[in-house]
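S.K.: First, the structure itself, so that you have it in front of you.
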Amino acid sequence: MLLCDGKNGTKRIEGGCILKRIDLLSIIIAIFFLWAIFFQVDFLEIFDLKIMDFFYKIRGTTTIDPSVVVIGIDEYSLSALEVEGDTWPWKRDAYGKLLERVFEDGAKVVAFDVSFTEAGDEESDSYFASTLLMYENVVLGTYLINDKEVYLSYDKRLREMMEQNIAYVDYAYKMDNFKALGLLNPFKVYKIRPVYELFATSAYSASYEIGALDADGIVRRIPLLVLEEWSRENAVSSGLFPHMDVLTAAIFSDVPSVDLTIDLSSKQVIFNESSIPFDSSGYMHLWYYGRGTDVFSEIPFYDVMNGKFEPGTFRDKAVIVGYTATAKGLYDLRITPFSTEEAGVFVHANAVENLIRNDFIKPFTPFNNAIVFIIIMTVVVVLSKIKGRSVNTILLSIPVVFLIFSYVLFLQRTYISTFYPIFAVLVVGITKTLGDFLRENAEKRKMKEFLYRYVPDRVAEILVGSGELKLGGETRNVVVLFSDIKGFTSRSEKLAPEEVVAFLNVYLTKMSEVIRYKYDGTIDKFIGDAIMAIFGAPVAYEDDIERALNCALDMREALKELNKELGLDLDSGIGIHYGPAIVGNIGAPFRMDYTCIGDTVNTASRMEHLTREVDAEIIVSEEIVKRTEGFEFEYLGEYSVKGKSEKLKLYKLIGEQQRG
């Protein structure tokens, strides 16, 4: 329960206290999440990434006419060539034969997600090199040496061979706004392992490595650029090289590799007439169409090499050759939003398709995500200051609305950070809802305790349950009953104080039971031996007047029984009047009473005093007589009452009419 320190060391629940705590909670969450947004904290970033995966699951597989075809190095191809005497790693003439088949069928470009860094059989290598020269549009993938220490651990002769084999530097990016490189944190490696020199001079080459995985180990992006530190140390080139997928898509789109330009200020690769954006780490965020095998055609390497495919399969296509999930021992499996065992070749296929189609996810920058988060939190804080269940409903519906909004943006290839706003709103919303619930329960409990002093338990439950009680005060028509023991003051002077208190407790309890439990009246106050009761507040019934009249008759009977029990001869006077009065909580903050004030109350009190002057124990006003049937009254006449300019027509209540 949320408590605030009150004055004098007391504790009390207050709406303002809860609001202050919600404001403080909102500020803490906002500061923490803004820090997490700007610094992309891994353990929180995972939740945001999972929402993106959830969006992929909702969207499902997208049907496209792909420009990419995959040739799979699968278990079937491995076993078929093994039977023919070519065990893994295959002789290079197998790749040459494949290139002939593919290009003869009309392929535009072929990329190999396979390494060709060492020399093989001389005759086979020469055949493969000749096919590379013949068809030109081939990109050979290679791997990276990340650390300088690892590179220096290589045999010196091998290092010298690699340092002389630098044909790949010809494909370095042209750069605009080079000074902005210092603002980026690109995928850095020490050395790109060059492909075998015979092949390096015959084909394009670039890294096929996917780079850093997301915090949860899932591939959702690839680096468009690789920064090689060795090239910069040795002043060989700028050191910024395109990824294999970029080169493949560029060749497919008839963009000369020497014209590939990177704008480091606007963070984009200039690609033909379009541009491919990348983030501050140089990565493009992939737009997955679905599971690889559901989107792209996959044809076994062995079948292609032997011409077992439909003519036109590769016409005007980009072809990627790589290991499939069935290739035992050649592990290249990745986790994607659609699969926990996706062959890496399909990740490249998706990336190349994205680049060709200019189709990728454009995530909001941390700054823009922070702006959205601040706006949402501002709305939440404003709403949290408004009371009401409807506001809580609105507050808790914001995450749902924002989730739908984010999904719509996602379908438009834009991803806005979704986890942080949703989680923050849920925390604040649930806290406010819980706070309101606790406060409401506390108020109901206090209200019950408060009402139990005046009204029957059943009435108190109804009032608290319905929320109809207006503690601020309201004007309503009520029946006011005043009762007083005639001559009690003079009698009490002859008794000891303890005897007076003991008698009053017995008398008032007896009368209260009649008023509260038998007729559902509200006891307004006790004034010595006098009792003021209300009928019609806080709950009004159609028979308020009838209940008040019957209550007065039974109070008289209860007094007679009390006289008999105690051996007394006390008599009481009762005045009953009907009219408008102000009803509500009246008093000071430290002491308030639910009471009734106004002319109707004063008139009822004056009427009770008249019972000492006229022959009547119960006096009622004409307002009562006019509004009821079933009772016998005796007209007493017109009487002047203090505070009234006009005389009142008063009646004596005889009792209920006898039913014949």
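The values are calculated or read from the model by the stated rules, or taken from the named source; none is laboratory data. As the structure is a prediction and not an experimental result, all values here were calculated from the model. Quick reminder, even Gly has a Cβ in these numbers, built from the backbone with ideal geometry, and neighbours come from all protein chains shown. Accessible surface is based on the protein model in full, side chains and every heavy atom, while ligands, DNA and RNA are left aside. Shrake-Rupley method; radii C 1.70, N 1.55, O 1.52, S 1.80 Å.
S.K.: If you go through region 44-89 one residue at a time, how many are open to solvent by 40 Å² or more (accessible area, probe 1.4 Å) and of a type in the set (Gly, Ala, Ser)?
M.R.: 2
S.K.: Can you name the residue in region 322-342 that is part of a strand (DSSP E or B) and among the β-branched types (Val, Ile, Thr) and is also surrounded by the fewest Cβ atoms within 10 Å (Cβ to Cβ) among such residues?
M.R.: The qualifying residue surrounded by the fewest Cβ atoms within 10 Å (Cβ to Cβ) is 340.
S.K.: Can you name every residue in region 348-372 that is outside any helix (DSSP H, G or I), more than 26 Å from residue 112 (Cβ to Cβ) and open to solvent by less than 30 Å² (accessible area, probe 1.4 Å)?
M.R.: Answer for region 348-372, where residues must be outside any helix (DSSP H, G or I), more than 26 Å from residue 112 (Cβ to Cβ) and open to solvent by less than 30 Å² (accessible area, probe 1.4 Å): just 361.
S.K.: Okay, moving on. Being in a loop (DSSP other than H, G, I, E, B) and either among the aliphatic types (A, V, I, L, M) or within 16 Å of residue 142 (Cα to Cα) (or both): is that true of residue 206 here?
M.R.: When the stated conditions are applied, residue 206 does not pass them.
S.K.: Would you pick out the residues in region 565-604 that are crowded, with 17+ Cβ neighbours inside 10 Å, part of a strand (DSSP E or B) and among the small types (Gly, Ala, Ser)?
M.R.: 572, 573, 575, 579, 581, 584, listed by residue number.
S.K.: I would also like to ask the following. Within the group 345, 319, which residue is in a helix (DSSP H, G or I), modelled with pLDDT of 95 or more and either crowded, with 24+ Cβ neighbours inside 10 Å or of a type in the set (Phe, Trp, Tyr) (or both)?
M.R.: 345
S.K.: Now, a different point. Name the pairs: first residue in region 271-299 and farther than 27 Å from residue 261 by Cβ, second residue in a strand (DSSP E or B) and among the acidic types (Asp, Glu), Cβ to Cβ under 9 Å, at least 6 apart or on different chains?
M.R.: Hits for this filter: 291/342; 292/298; 292/342; 293/342.
Quick grid of which residues meet (1) without any contact (Cβ under 8 Å) to a residue 24 or more places away in the chain; (2) β-branched (Val, Ile, Thr); (3) closer than 26 Å to residue 219 by Cβ:
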| residue | (1), (2), (3) |
| --- | --- |
| 55 | no, no, yes |
| 65 | yes, no, yes |
| 69 | no, yes, yes |
| 74 | no, no, yes |
| 87 | yes, yes, no |
| 94 | no, no, no |
| 115 | no, no, yes |
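S.K.: Pull up region 300-313, narrow it to residues that are surrounded by fewer than 16 Cβ atoms within 10 Å (Cβ to Cβ), out of contact with any Lys or Arg (no Cβ under 9 Å at 6 or more places or on another chain) and in contact (Cβ under 8 Å) with a residue 60 or more places away in the chain, then point me to the one that is nearest to residue 348 (Cα to Cα).
M.R.: 312
S.K.: When you look at residue 132, is it part of a helix (DSSP H, G or I), of a type in the set (A, V, I, L, M) and surrounded by 12 or more Cβ atoms within 10 Å (Cβ to Cβ), yes or no?
M.R.: yes
S.K.: In the list 157, 101, which residue meets the criterion of being at pLDDT 95 or above, open to solvent by 80 Å² or more (accessible area, probe 1.4 Å), of a type outside the set (Gly, Ala, Ser) and in a helix (DSSP H, G or I)? Even if it seems obvious, please write down each step before you answer.
M.R.: Numbers: 157 fails: at pLDDT 95 or above.
Going through 157, 101 in turn, just one is at pLDDT 95 or above, open to solvent by 80 Å² or more (accessible area, probe 1.4 Å), of a type outside the set (Gly, Ala, Ser) and in a helix (DSSP H, G or I): 101.
S.K.: Out of (1) assigned to a helix (DSSP H, G or I); (2) touching a strand residue (DSSP E or B) at 6+ places or on another chain (Cβ under 7 Å), what's the single condition that is false for residue 562?
M.R.: Of the numbered conditions (1) assigned to a helix (DSSP H, G or I); (2) touching a strand residue (DSSP E or B) at 6+ places or on another chain (Cβ under 7 Å), the odd one out for residue 562 is (2).
S.K.: Pairs please, first residue from region 153-175 and under 14 Å from residue 192 (Cβ atoms), second anywhere and among the β-branched types (Val, Ile, Thr) and in a helix (DSSP H, G or I), Cβ atoms under 8 Å, 6+ apart in sequence or on different chains.
M.R.: Qualifying pairs under 8 Å: 170/258; 171/258.
S.K.: Does residue 541 meet the test of being farther than 21 Å from residue 508 by Cα and either open to solvent by less than 70 Å² (accessible area, probe 1.4 Å) or of a type in the set (Phe, Trp, Tyr) (or both)?
M.R.: On the way: farther than 21 Å from residue 508 by Cα: yes; either open to solvent by less than 70 Å² (accessible area, probe 1.4 Å) or of a type in the set (Phe, Trp, Tyr) (or both): yes.
Spelling it out, residue 541 is indeed farther than 21 Å from residue 508 by Cα and either open to solvent by less than 70 Å² (accessible area, probe 1.4 Å) or of a type in the set (Phe, Trp, Tyr) (or both).
S.K.: How many residues does region 214-271 contain that are of a type in the set (Gly, Ala, Ser), over 14 Å from residue 139 (Cβ atoms) and open to solvent by 10 Å² or more (accessible area, probe 1.4 Å)?
M.R.: So the count comes out to 7.
S.K.: Another question about this same structure. Taking only region 228-237 into account, find how many residues are assigned to a helix (DSSP H, G or I) and among the β-branched types (Val, Ile, Thr).
M.R.: Looking only at that region, the number is 0.
S.K.: Right, something else. What is the residue count in region 544-564 for residues that are buried (at least 22 other Cβ atoms within 10 Å of the Cβ) and under 59 Å from the mean Cα position of the chain (by Cα)?
M.R.: Going through region 544-564 one residue at a time, the tally reaches 5.
S.K.: With respect to residue 171, is the statement that it is within 24 Å of residue 111 (Cα to Cα) and out of contact with any strand residue (DSSP E or B) (no Cβ under 8 Å at 6 or more places or on another chain) true?
M.R.: No.
S.K.: Now for a separate question. For region 180-199, which residues satisfy the criterion of being touching a residue at least 40 places away in the same chain (Cβ under 8 Å) and either open to solvent by 80 Å² or more (accessible area, probe 1.4 Å) or under 20 Å from residue 116 (Cβ atoms) (or both)?
M.R.: The answer is 183, 185, 188, 189, 191, 192, 193, 194, 195, 196, 198, 199.
S.K.: Tell me which residues, restricted to region 524-535, are of a type in the set (Val, Ile, Thr) and surrounded by 19 or more Cβ atoms within 10 Å (Cβ to Cβ).
M.R.: 531, 534, listed by residue number.
S.K.: Within the bounds of region 254-271, is there any residue that is modelled with pLDDT of 90 or more and among the aromatic types (Phe, Trp, Tyr)?
M.R.: No, because not a single residue in region 254-271 is modelled with pLDDT of 90 or more and among the aromatic types (Phe, Trp, Tyr).
S.K.: Would you check which residues across region 214-227 are over 15 Å from residue 342 (Cα atoms), touching a strand residue (DSSP E or B) at 6+ places or on another chain (Cβ under 9 Å) and assigned to a loop (DSSP other than H, G, I, E, B) and list them?
M.R.: Result: 214, 216, 224.
S.K.: Restricting attention to region 635-656, which residues are open to solvent by 90 Å² or more (accessible area, probe 1.4 Å) and without any contact (Cβ under 8 Å) to a residue 24 or more places away in the chain?
M.R.: If the condition is that a residue be open to solvent by 90 Å² or more (accessible area, probe 1.4 Å) and without any contact (Cβ under 8 Å) to a residue 24 or more places away in the chain, then 635, 638, 645, 646, 647 are the ones that fit.
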